[in-house]
Amino acid sequence: MFLLKLVLALIIIVAALVLVFRFHKQLKGESASLGLNLGKKKGEDGRSNELEAFIAAYRRDKTVVGNGQAAAADAPGVAMPAPAAQALAVTPPPATPAPVTSSALAAATSAANAKARAAFLAGPNKLAFLVLKAGLPDHHVFAHTRLSDLIDALTVPALANLRNRVPLLRRLGERIGFAAARDLPEFRRDAFRDAEAEAAPATRDVYLLADTFNRYFEPENLRAAIRVLRAAGVRAVMPEAPGRPLCCGRTYLAAGQVERARAEASRMLAALPGDLPVVGLEPSCLFTLKDEFPSLLPGPAARQLADRAMLIGDFLATTTLDLKPLDATAHVHGHCHQKSFGAFPAGIASLKRVPGLVVKPIASSCCGMAGSFGYQSETQEVSRAMAEANLLPAVRAAADEDIIVADGTSCRHQIRDLSGRVAIHSVRVLERAL
């Protein structure tokens with residue numbers, strides 16, 4: 001028996017080493033294609049000099065800001081900071097800066113930001129890439145998946161889950177950017193399958209967007225959404241696509257992989273024809289359809305999809321839902337995309353439809369997880385400080401019997417990891433009231 005356990009342990013360790021080596025090699029290839037020099041010439045705090053120069057220039061001049069926008073895009077004579085331009089292989093301005101147009105500045109800052117995001121997020125975003133490849137579709141997986149992808153699909157979930165339990169694997173994960181101190185989301189054995197959305201009598205249909213994170217990590221949210229929609233007389237239609245399940249491609253965008261993101265957007269667009277509303281649970285994924293798709297795929301089809309995509313809270317406002325009273329208090333944290341697109345009030349309104357439920361929005365900013373930001377070794381301190389600013393004190397102050405609500409998967413994981421409290425999606429609160 002001892003010998004058998006030893007052999008199994010060696011197999012697991014070898015498989016983990018092979019996996020880390022493959023990802024490290026792939027990461028170097030991807031970073032090279034972006035013109036980056038990751039892993040070399042590190043600064044004192046572990047960041048590459050390229051990224052360090054970009055951040056320093058950003059802090060000093062405040063010219064380059066998020067999402068490729070310019071802080072003074074409409075002002076003439078504004079040039080991109082030379083240190084950032086040199087570090088990121090963007091052509092620097094001449095010694096005597098000539099006035100530039102706002103469109104040229106936006107293009108330059110967009111290129112710089114794409115490379116900075118790739119340098120900053122490429123490692124931990126491997127988790128999302130793994131999810132994409134590990135997504136075992138239904139019966140036709142063997143007809144559409146290469147052997148290497150099939151092997152990944154069978155081994156990656158088990159190894160990813162094992163990483164949280166084996167200290168050696170945590171330390172190995174540091175090689176590709178994962179903080180050993182943080183637990184990674186775990187793949188569920190009962191991952192959501194599209195066939196679970198059984199046909200039922202309904203007065204209207206909607207497409208239900210089964211995002212990657214809820215499908216594999218928290219499938220109870222999708223099951224709750226189907227129940228709530230059904231109670232409102234709405235049938236959840238699952239969009240069909242060959243091979244693996246659909247993905248919005250946001251994780252590719254976060255790592256600067258624009259063409260891969262465009263390919264995912266094309267798959268999604270082809271699978272959502274017609275004029276049915278598209279209802280989603282994860283704010284970052286749903287708003288990728290609304291915000292990024294029209295830029296990735298210019299044209300009326302993407303704009304039309306953006307117009308009919310909405311979070312489930314917005315959609316339920318158009319329905320009649322018979323809910324029973326709940327004698328409870330819900331403290332609600334808004335996801336950054338909900339707030340920036342003005343969708344947080346609709347989420348609050350959907351919860352206030354529950355009789356007896358006291359709904360208290362948490363006055364907070366970003367939770368600090370921010371996709372892969374909270375899993376990175378080099379950004380742990382900042383991630384935790386962001387959560388401690390407002391969110392975690394409010395969570396700790398809530399009574400033990402109170403409900404903590406957060407619609408973002410990153411937010412829920414941050415709350416659980418740093419406070420020990422379990423936060424749930426708002427649709428599960430509505431499910432309790434059915």
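Check the stretch 385-399 and report whether any residue there is closer than 27 Å to V228 by Cβ, under 17 Å from the mean Cα position of the chain (by Cα) and in a helix (DSSP H, G or I).
So far as the stretch 385-399 goes, no, none of its residues is closer than 27 Å to V228 by Cβ, under 17 Å from the mean Cα position of the chain (by Cα) and in a helix (DSSP H, G or I).
Going through the stretch 331-350 one residue at a time, which ones are outside any helix (DSSP H, G or I) and small (G, A, S)?
Hits for the stretch 331-350 are G334, G342, A343.
Give me the residue from the stretch 304-324 that is at pLDDT 95 or above and not in a helix (DSSP H, G or I) and, out of that set, surrounded by the fewest Cβ atoms within 10 Å (Cβ to Cβ).
Residue satisfying both the conditions and the ranking: K324.
Among the residues of the stretch 331-338, is any over 17 Å from R227 (Cα atoms) and more than 22 Å from the chain's Cα centre (by Cα)?
Yes, there is a match, as at least one residue in the stretch 331-338 is over 17 Å from R227 (Cα atoms) and more than 22 Å from the chain's Cα centre (by Cα).
Kindly provide the set of residues from the stretch 163-174 that are in a helix (DSSP H, G or I), closer than 21 Å to G374 by Cβ and more than 22 Å from the chain's Cα centre (by Cα), ordered by number.
Once the filter is applied, which keeps residues that are in a helix (DSSP H, G or I), closer than 21 Å to G374 by Cβ and more than 22 Å from the chain's Cα centre (by Cα), the stretch 163-174 yields P167, L169, R171, L172.
State all residues of the stretch 288-303 that are in contact with a Lys or Arg (Cβ under 9 Å, 6 or more places away or on another chain) and not in a helix (DSSP H, G or I); if no residue qualifies, say none.
Listed by number, the list holds a single entry, L297.
In the stretch 337-351, which residues are of a type outside the set (S, T, N, Q) and crowded, with 20+ Cβ neighbours inside 10 Å?
H337, A343, F344, G347, L351
Are any residues in the stretch 351-380 assigned to a helix (DSSP H, G or I), at pLDDT below 95 and closer than 21 Å to A394 by Cβ, and if so, which ones?
Of everything in the stretch 351-380, those that are assigned to a helix (DSSP H, G or I), at pLDDT below 95 and closer than 21 Å to A394 by Cβ turn out to be F373, G374.
Considering (1) closer than 25 Å to T212 by Cβ; (2) out of contact with any strand residue (DSSP E or B) (no Cβ under 9 Å at 6 or more places or on another chain), say which one Q376 fails and leave the rest.
(2)
Can you report the number of residues in the stretch 195-214 which are touching an Asp or Glu at 6+ places or on another chain (Cβ under 9 Å) and not hydrophobic (A, V, I, L, M, F, W, C)?
Qualifying residue count, the stretch 195-214: 3.
Just for helices (runs of 4 or more DSSP H) wholly inside the stretch 200-269: which have at least 3 residues that are surrounded by 18 or more Cβ atoms within 10 Å (Cβ to Cβ), in the same structural domain as L289 (by TED's automatic domain parsing) and modelled with pLDDT of 95 or more?
In the stretch 200-269, the matching helices (runs of 4 or more DSSP H) lie at 219-231.
Kindly indicate which of L229, L208 is farther than 16 Å from G408 by Cβ and under 18 Å from the mean Cα position of the chain (by Cα).
It is L208.
The values are calculated or read from the model by the stated rules, or taken from the named source; none is laboratory data. Keep in mind that what you see is a predicted model, and the values were worked out from it rather than measured. Cβ: placed from backbone, ideal geometry, glycine included. Neighbour counts: every protein chain shown.
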